[in-house]
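Chemist: Before we start, here is the structure in question, set down as structure tokens.
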Amino acid sequence: MSRITILDTTLRDGEQSPGVSLNLHEKLQIAHQLARLGVDVIEAGFPIASPGDFNAVKAVADEVRNVGIQALARTLEKDVDRAAEALKGAERPRIHVFLATSEIHRQHKLKKAKEEILSLATRAVRHAKGFTDEVEFSPEDASRTEPEFLREVVEAVIDAGATVINIPDTVGYATPEEFGRLIEDLIKETKGMEKATLSVHCHNDLGLAVANSLASIEAGATQVECTLNGIGERAGNAALEEVVMALNTRKDFYNYTTGIVTQEIMTTSRLVSSLTGLRVQKNKAIVGENAFAHSSGVHQDGIIKERTTYEIMRPEDVGRGKTRLPLGKLSGRNAFVQRLKELGYGHLSKDELEEAFKEFKDLADRKKAIQDEDVEAIVINILEESPPVYRLESVRIDCGPGTTPVAEVRLRMQDNSIEENATIGDGPIDALFKSIDLITDIPGKLLDYQVRAITSGKDAMGEVSVEVDFDGQVRRGRVVSCDIIEASARAYLNAVNKIAQKSARQAPPKKKKTRQREKV
Ligand code: KIV
Ligand code: ZN
């Protein structure tokens, strides 16, 4: 049985999901877990994009072993140099050069003729080849490129040294039959194609990313690019878990294997969802809460009599259904560390681990049974960007029937304590966020605000997630706490800090500002 190479691009294309921004610590946890999941290559990021991206790719390349590490670059020399620099410590480095080839992109975006595209692509591949043996080239928007020109570009970059040709359906436009045919024709008609691996990279705008990936495999592609939970630009990328489990469950049809340890799928999916803040829809195939739930009486009866009547996969094969005992006050460090490993957080730094254990002990004093969700919440809070520009020192809310909601917030910015007194709002959260806006001078438009209890019981931890638009830049924030007002303030600050950190647009500290109550 032949083997399909799985390239995971959760940390690059997945991170391009609107509002998602992972810091270095979060990316490292995910990268380590991807290696444990058994992916063949991790696309770790786009080093030229920002110093943060560069550092994250470098950290992944330096630390994560037994897996190829890929970094993205445009066809500019400086992009390739930066990618090569970030990849220096990788065991198996690979530079991924991309350039759009379709007429639409050539005319409107690049304003370049075919000859220029050919020359830019080949020059960049040759340059990349000076740094890494493995070079991947992607003709962006390949599925809308004239087939003859696509072939010409592919032949030229293989000749220049590309070892992987990745055919992206960038805008999710292709249909399975058509995309399969494109792959088949490329394999048949491209000179030198046998010297390179043929890869596909499908987007999900029409909900066809997985179907297109599978059709390409049938047509001869041997690498698939995908992301956990299918996250990515717009409607996302092909979901790794769906591609892998389709190949696995229907071996009889596809006759291909992968190196994926399927029992690690659920842990990885949860880790990615927790750290990106992108919740998995309940009915999502393989990893959704309901994917193995049977509610109709007829189905339940069938399952009891014979599982295969309504189940085509065993939940345990994708790592579901593990029941773990809750931790508690008497649980020691070893039990806590073991649980972290099981949840995919096996690579925290010494300091992070210390802080997490302390938080765990504090929580165990207040809460009898500590569930996995509580442990995850502790780690998520700790992995937050450090040090944040603004920290919450205190918050007081006045609200209730017949009262105008008023918030009093005190933040700390470096050594300054900044206070905004008595900001009124339409409701307590409105007052709270307005107060923070006034202190930070980074006004945000709240796009989404959600509160949910992450475990059951009145003592459950509450999770607050926000999505905020800061003058066109959307950022998410998420915090779990026993106090949902505090969690709301910190989640909002989380999003603010991402902007403050990124653009260094820090408001000059306003010393101990005190405003009189406008209306109480
Ligand atoms: O979708 C796309 O075309 C991409 C390329 C960079 C491969 O993500
Ligand atoms: Zn993409």
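Chemist: Search region 479-495 for residues that are more than 18 Å from residue 427 (Cα to Cα) and at pLDDT below 90 and pair each with any residue that is of a type in the set (Val, Ile, Thr) and surrounded by 24 or more Cβ atoms within 10 Å (Cβ to Cβ) when their beta-carbon atoms are under 6 Å apart and the residues are at least 6 apart or on different chains.
Modeler: 479/464
Chemist: Identify the single condition in (1) within 14 Å of residue 6 (Cβ to Cβ); (2) in the same structural domain as residue 345 (by TED's automatic domain parsing) that residue 224 does not satisfy, given that it satisfies every other one.
Modeler: The one condition residue 224 does not meet is (2).
Chemist: Still on this structure: Would you mind finding the one in 230, 236, 207, 180 that is within 13 Å of ligand 1 (Cβ to nearest atom), of a type outside the set (Phe, Trp, Tyr) and either under 30 Å from residue 316 (Cα atoms) or crowded, with 22+ Cβ neighbours inside 10 Å (or both)?
Modeler: Only one candidate passes the filter, namely 236.
Residue-by-condition table, conditions (1) crowded, with 24+ Cβ neighbours inside 10 Å; (2) within 21 Å of residue 232 (Cα to Cα); (3) not assigned by TED's automatic domain parsing to the domain that holds residue 84:
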position	(1), (2), (3)
31	yes, yes, no
36	no, no, no
43	yes, yes, no
49	no, yes, no
56	yes, yes, no
62	no, no, no
66	no, no, no
71	yes, yes, no
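Chemist: If we scan region 290-301, do we find a residue that is farther than 22 Å from residue 2 by Cα and within 19 Å of the chain's Cα centre (by Cα)?
Modeler: No, the conditions are met nowhere in region 290-301.
Chemist: Report every pair of residues separated by at least 6 positions or lying on different chains whose Cβ atoms are under 7 Å apart, first residue within region 234-254 and of a type in the set (Ser, Thr, Tyr), second more than 16 Å from ligand 1 (Cβ to nearest atom).
Modeler: 249/312; 249/313; 254/217; 254/247
Chemist: While we're looking at this one, here's another question. For the structure I just gave you, tell me whether residue 165 is away from ligand 1 (no atom under 13 Å from the Cβ), touching a strand residue (DSSP E or B) at 6+ places or on another chain (Cβ under 7 Å) and assigned by TED's automatic domain parsing to the domain that holds residue 224.
Modeler: Taking the combined requirement at face value, the residue does not satisfy it.
This table checks each residue for (1) touching a residue at least 12 places away in the same chain (Cβ under 8 Å); (2) under 22 Å from the mean Cα position of the chain (by Cα).
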residue	(1), (2)
97	yes, yes
109	no, no
117	yes, no
121	yes, no
138	yes, yes
148	no, no
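Residue by residue, here is whether (1) in contact (Cβ under 8 Å) with a residue 40 or more places away in the chain; (2) out of contact with any Leu (no Cβ under 9 Å at 6 or more places or on another chain); (3) in a strand (DSSP E or B) holds:
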| residue | (1), (2), (3) |
| --- | --- |
| 20 | yes, no, no |
| 26 | yes, no, no |
| 35 | no, yes, no |
| 43 | yes, no, yes |
| 62 | no, yes, no |
| 65 | no, yes, no |
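The values are calculated or read from the model by the stated rules, or taken from the named source; none is laboratory data. Every value quoted in this text rests on a predicted model; they were computed, and no experiment measured them. Note that each Cβ is placed from the backbone with ideal geometry, even for glycine, and that neighbours are counted across all protein chains shown.
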